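Everything on this sheet refers to the single structure shown next.
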């Protein structure tokens with residue numbers, strides 16, 4: 001009942017911002033529908049006694065966009081339904097919502113922002129993507145940015161914010177944050193700043209999850225050149241928990257983007273911070289270029305999170321490609337969930353004709369659970385074929401093979417081959433379940 005009331009309140013906040021805008025008719029609304037058929041030779045991703053299944057996939061969604069004037073919104077809502085015809089699992093329905101809206105009530109002084117991300121994530125980040133390893137999650141944030149110019153080069157911004165984190169199988173939490181930022185335009189191409197903030201984190205269960213207060217302060221430098229942009233933030237964070245020792249340490253991040261040619265670019269990102277998995281989930285939704293959430297184990301604990309990620313992208317009229325590699329270290333302070341992960345991935349699309357597109361993509365992931373000494377490796381490779389039947393109607397064929405192995409004879413070991421055909425209309429994206437999807 002509490003979750004229903006909370007969701008209703010979130011919709012009221014978002015709806016109020018939409019209704020308060022005088023040019024609702026300017027919203028761009030695009031629907032999308034799709035259907036698919038998936039054959040798999042190992043529906044449960046079991047190490048042995050594999051079960052074949054034929055899965056019917058249905059999809060419906062809508063995109064809403066508005067970016068003119070003081071009001072802005074970028075939202076997509078969808079629902080995906082899976083029917084396992086051989087009953088390896090019961091029917092499953094997965095809703096999704098990605099909504100970001102803002103209203104600049106007073107130009108350059110008061111800007112309201114609300115976000116909501118309803119997704120599915122793995123219960124155990126080491127195991128494969130099956131219905132019994134999926135949980136619904138929701139992240140909601142709301143608050144104003146209150147700005148005041150001190151001079152032509154200086155500005156101070158204060159941001160109070162409320163955040164609500166819902167997990168189907170973990171403790172929910174609420175966060176009450178207050179941050180302040182001072183920004184100084186040192187040169188036309190360089191800014192320096194000072195940031196500080198206090199966040200109170202309250203867990204709903206009152207069980208093993210410990211409420212805590214996080215304080216942080218850091219200095220930053222950001223700038224741009226003809227072909228590059230960069231930002232550096234360095235500081236310290238302290239976490240005071242109510243029933244155990246506090247944590248204190250360095251936090252910082254570095255981002256460097258470089259445009260190699262008119263069609264290609266490279267990006268480097270490195271960060272180390274004291275945080276929690278709720279904020280990592282929020283960051284993965286708001287800044288996906290800094291890394292996804294699939295290799296993070298959801299927990300009610302605080303952790304030291306470190307990542308180094310390199311990406312390269314090329315986008316031309318005929319070829320589109322991307323390559324990434326990353327290293328992560330997750331050091332949980334209380335639970336035995338520590339792990340080191342490394343992952344590389346690549347994706348290539350080739351337009352054969354105006355109507356026909358081919359593609360191939362793959363990932364390789366190594367996961368070392370340092371607390372228990374196990375090491376798992378998994379990889380997947382997917383070939384794709386797409387044909388435009390009309391401007392908005394497209395047929396797709398995906399063929400995939402994936403494998404996971406472990407040095408501890410884990411039940412997470414599996415092999416799977418699958419074929420997926422789909423027909424989509426409008427903006428719809430009906431991903432091959434388990435790869436390229438939101439979980």
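Details
- Sequence-separation-based contact order of the range 271-395, relative, with Cα cut under 8 Å and 6+ spacing, percent: 16
- Segment residue 391-residue 248, length gained on full extension (0.36 nm per residue, minus Cα span): 45.9 nm
- Relative contact order of the chain, defined on C-alpha pairs under 8 angstrom at six or more residues apart (%): 12
- Inter-label distance, nm, simple model (7 Å from Cα along the C-beta direction), residue 188/residue 132: 6.4
- The length gained by stretching the chain between residue 230 and residue 318 to full extension, at 0.36 nm per residue less their Cα-Cα distance, is 28.7 nm.
- Set against the 2.2 N^0.38 Å expectation for a compact globular protein, the range 296-386 has a Cα radius of gyration ratio of 1.44.
- Mean ellipticity per residue at 222 nm, deg cm²/dmol - from DSSP H runs of n ≥ 4 across the chain, formula -39500 (n - 2.57): -2000 deg cm²/dmol
- Shape class for the range 87-188: prolate, because the ratio a/c of the largest to smallest gyration tensor axis (alpha-carbon atoms, square roots of eigenvalues) is 1.5 or more and a/b beats b/c.
- Taking other C-beta atoms within 10 Å as the exposure proxy, 227, 384, 188 rank 188, 227, 384 from fewest upward.
- The chain: most fluctuating residue of 111, 169, 124 per GNM, C-alpha cutoff 10 Å: 169
- If R0 is 35 Å, the Cβ-Cβ spacing of residue 108 and residue 268 corresponds to a FRET efficiency of close to 0.60.
Throughout, read-outs are computed from the coordinates displayed, never taken from laboratory work. Because the structure is a prediction, the values reported are computed rather than measured. When we count neighbours, we look across all protein chains shown, and the Cβ atoms used for this are built from the backbone with ideal geometry, even at glycine.
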